[in-house]
1. Would you mind stating whether LEU179 is over 29 Å from ALA251 (Cα atoms) and modelled with pLDDT of 85 or more?
2. How many of the residues making up the stretch 196-221 are of a type in the set (A, V, I, L, M) and either touching an Asp or Glu at 6+ places or on another chain (Cβ under 8 Å) or open to solvent by less than 10 Å² (accessible area, probe 1.4 Å) (or both)?
3. Tell me, which helices (runs of 4 or more DSSP H) wholly within the stretch 188-272 include 3 or more residues that are farther than 24 Å from MET49 by Cα?
4. From the list SER193, SER185, SER181, pick out the single residue that is under 19 Å from the mean Cα position of the chain (by Cα) and crowded, with 21+ Cβ neighbours inside 10 Å.
5. Looking at the stretch 136-160, which of its residues are of a type in the set (A, V, I, L, M, F, W, C) and either surrounded by fewer than 19 Cβ atoms within 10 Å (Cβ to Cβ) or more than 13 Å from the chain's Cα centre (by Cα) (or both)?
6. State whether one or more residues within the stretch 222-242 are closer than 30 Å to TYR152 by Cβ, over 16 Å from the mean Cα position of the chain (by Cα) and of a type outside the set (A, V, I, L, M, F, W, C).
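The values are calculated or read from the model by the stated rules, or taken from the named source; none is laboratory data. Please read all numbers here as calculations on a predicted model, not as lab measurements. Because the Cβ atoms are built from the backbone with ideal geometry, glycine has one as well, and the counts that use them run over all protein chains shown. The accessibility values were calculated without ligands, DNA or RNA, using every heavy atom of the protein model including side chains. Shrake-Rupley method; radii C 1.70, N 1.55, O 1.52, S 1.80 Å.
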Amino acid sequence: MNSYKKVLLDWRLHLTILVCCMISDRIGTITFSITDSIKVSLLPLLYAMVLVTALYLLKPIKWVSEKESETAGFMLTMTCLILGAKLGCNVGTSLETIMSASLPLLVQNIGDAFTCVIALPIALMLGMKRESIGITFAASREPGIAIIEEKYGKKEEFRGVIAMYVVGTIFGTIVVGLLASVLSSAGIFHVYSVSMACGVGSAAMSTAGIGTLTELYPQMADQITALATASNLISSAIAVYLNVFIGLPLAEFMYNKFQPVIQKKKNKGIEG
């Protein structure tokens, strides 16, 4: 109950968000072409994310601080629940489309268990230690945080997964929105494939991808929303098993193999 009161009474935060939303809506959708076949759409959601991030990091307004960010996080969780219910209504009307893509919907999530194959060596080369496991073992959404905390406690690995969660929440939304626009208009992937790829387990990222695709392909809005929502649901459900049985053991194995080698090369470089 205290959380609800804090959200309702924080009028300065509500006013700031309202102004950011009004500015973003006033700008509207901007679409431009990179090439003859590749188009990029910038949605109001993108501007709003940039504005509120700038207000938080640069602090031109003094009352946008850590306290307000916690309240905003609670608001985001609640609104995502409402959004999820709304998007879920489109799933029932597009069951035929979803069933026809049942196997790809399941298989595409396997990639979430192998993010460390590319990301972990890079993290180690950048000088990270045990926190690299938490950063790279998965997409670092809510299930991943719970898994890391349960296995390692609030140590280096937990700091890594929390850092990745924050970065993904702030910048992942922007990246997914832009990638959805570029990949769908480039003709490399069908718009349905890109729709499924938007379901990475994050409501904010998925919403950004859905918004971009429905802006570019309004005639397929229901199918895009249904596939992305179904993908998001499946991603959230099976992510726990993929992370526990594949992602985390693989990240731990790679850390034990690569970290001594990279550390040895760094020591040689310092000595040389």
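1. Working: over 29 Å from ALA251 (Cα atoms): no; modelled with pLDDT of 85 or more: yes.
No; evaluated as a whole, the condition is false for this residue.
2. Adding up the residues that qualify gives 3.
3. Numbers: elements: 191-197, 203-216, 221-242, 248-271.
The qualifying helices (runs of 4 or more DSSP H) are 191-197, 221-242, 248-271.
4. SER181
5. Matches in the stretch 136-160: PHE137, ILE145, ALA146, ILE147, ILE148, PHE158.
6. yes
The rows are residues; the columns are (1) loosely packed, with under 14 Cβ neighbours inside 10 Å; (2) at pLDDT below 75; (3) in contact with a Pro (Cβ under 7 Å, 6 or more places away or on another chain).
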residue: LYS6; (1), (2), (3): no, yes, no
residue: HIS14; (1), (2), (3): no, no, no
residue: ILE17; (1), (2), (3): no, no, no
residue: MET22; (1), (2), (3): yes, no, no
residue: LYS39; (1), (2), (3): no, yes, no
